1. Looking at Asp131, Asp100, which is the one that is in contact with a Phe, Trp or Tyr (Cβ under 6 Å, 6 or more places away or on another chain), at positive phi and either of a type outside the set (Val, Ile, Thr) or without any contact (Cβ under 8 Å) to a residue 12 or more places away in the chain (or both)?
2. Name the residue, out of Gly61, Gly147, Gly94, Gly122, that is surrounded by fewer than 20 Cβ atoms within 10 Å (Cβ to Cβ) and either touching a residue at least 60 places away in the same chain (Cβ under 8 Å) or under 15 Å from the mean Cα position of the chain (by Cα) (or both).
3. Would you mind stating whether His114 is touching a strand residue (DSSP E or B) at 6+ places or on another chain (Cβ under 8 Å), part of a helix (DSSP H, G or I) and buried (at least 24 other Cβ atoms within 10 Å of the Cβ)?
4. Quick one: how many residues across the range 1-25 are buried (at least 16 other Cβ atoms within 10 Å of the Cβ) and in a helix (DSSP H, G or I)?
5. Of the numbered conditions (1) closer than 23 Å to Leu152 by Cα; (2) in a helix (DSSP H, G or I); (3) not charged (D, E, K, R), Ala32 satisfies every one except a single condition; which is it?
6. Only one of Arg79, Arg108 is at pLDDT 95 or above, surrounded by 15 or more Cβ atoms within 10 Å (Cβ to Cβ), out of contact with any strand residue (DSSP E or B) (no Cβ under 7 Å at 6 or more places or on another chain) and assigned to a helix (DSSP H, G or I). Can you tell me which?
7. What's the number of the condition Glu51 fails, among (1) under 19 Å from Phe253 (Cα atoms); (2) part of a loop (DSSP other than H, G, I, E, B)?
8. Among the residues of the range 82-105, what is the count of those that are within 22 Å of Gly165 (Cα to Cα) and not in a strand (DSSP E or B)?
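The values are calculated or read from the model by the stated rules, or taken from the named source; none is laboratory data. Predicted model only: the values in this text are computed from it and were never measured. As a convention, Cβ positions derive from the backbone with ideal geometry for all residues, glycine included, and neighbour counts pool all protein chains shown.
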Amino acid sequence: MLIDSHCHLEYPGLVEDREGVLARAREAGIDAFLNISTRKSEWDKVIGTAEREPDVWASVGIHPHEADAHADLDAKALREATENPRVIAIGETGLDYYYDKSDRAVQRDLFRTHIGVSRVTGLPTIIHTRDAEEDTLEILREEMGKGAFPALIHCFTASAEFGKGVLELGLTISLSGIVTFKNAKDLQEIAKEIPADKLLVETDAPFLAPVPHRGRTCEPAFTRNTAEFVANLRGESFEQLAEQTSRNFYQLFRKAAA
């Protein structure tokens, strides 16, 4: 069993051949998929795919790039969307100060809105953070102080210090194909030290195809390449890592397990 904990099946590059994409992934041993939304207009699409495909789950949320266009989104809309039985997560949300496509204050406000819904519903918040470690960690600490909530740092590429900080808060860390890149030595060292029960793997497809597929459109099938690489880094068998990360997925996304 292996799970792609973060993919975008509605994005160009995958949506045109979604049935083929899923078939190739299943053939590669991928048993479940979390289909991530980044804007409100995608919510019905990701939920629709999850309703048609029994091994696909859905998230609802607003990516920080889309924050300005959703500045008036309230918690009620998010809560209502999470009532669908196929929705198991909130996000992706978070902060992106690298591209700065949305006002930073709006990003922070929406991030807190997502966390608030996570706290109420018990559904994990899926977090994107880039060049915003300090603010991300500050918000997480403040919000955790108001009441615990489950959360995941997806596509982890941050510093070891940030990783330590989020692990201390009880968050889970997910690794994408970036960990297989030759220039990702620091990330590879961090990957060795992530506690076994706090680790997931993902593709972020159609982006960030791992070695040996780098330069191609990424597909969920490539989760296996990342998992094999990480298992080797950690001195584990592929089977061990696949079993552990799948167990972690269902422990974090308890609605899927139910």
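1. On the way: Asp100 fails: in contact with a Phe, Trp or Tyr (Cβ under 6 Å, 6 or more places away or on another chain).
Of the residues listed, the single one that is in contact with a Phe, Trp or Tyr (Cβ under 6 Å, 6 or more places away or on another chain), at positive phi and either of a type outside the set (Val, Ile, Thr) or without any contact (Cβ under 8 Å) to a residue 12 or more places away in the chain (or both) is Asp131.
2. When all the criteria are applied, what remains is Gly122.
3. For His114, the condition - touching a strand residue (DSSP E or B) at 6+ places or on another chain (Cβ under 8 Å), part of a helix (DSSP H, G or I) and buried (at least 24 other Cβ atoms within 10 Å of the Cβ) - is met.
4. Adding up the residues that qualify gives 4.
5. (2)
6. Arg79
7. (2)
8. Here the count works out to 3.
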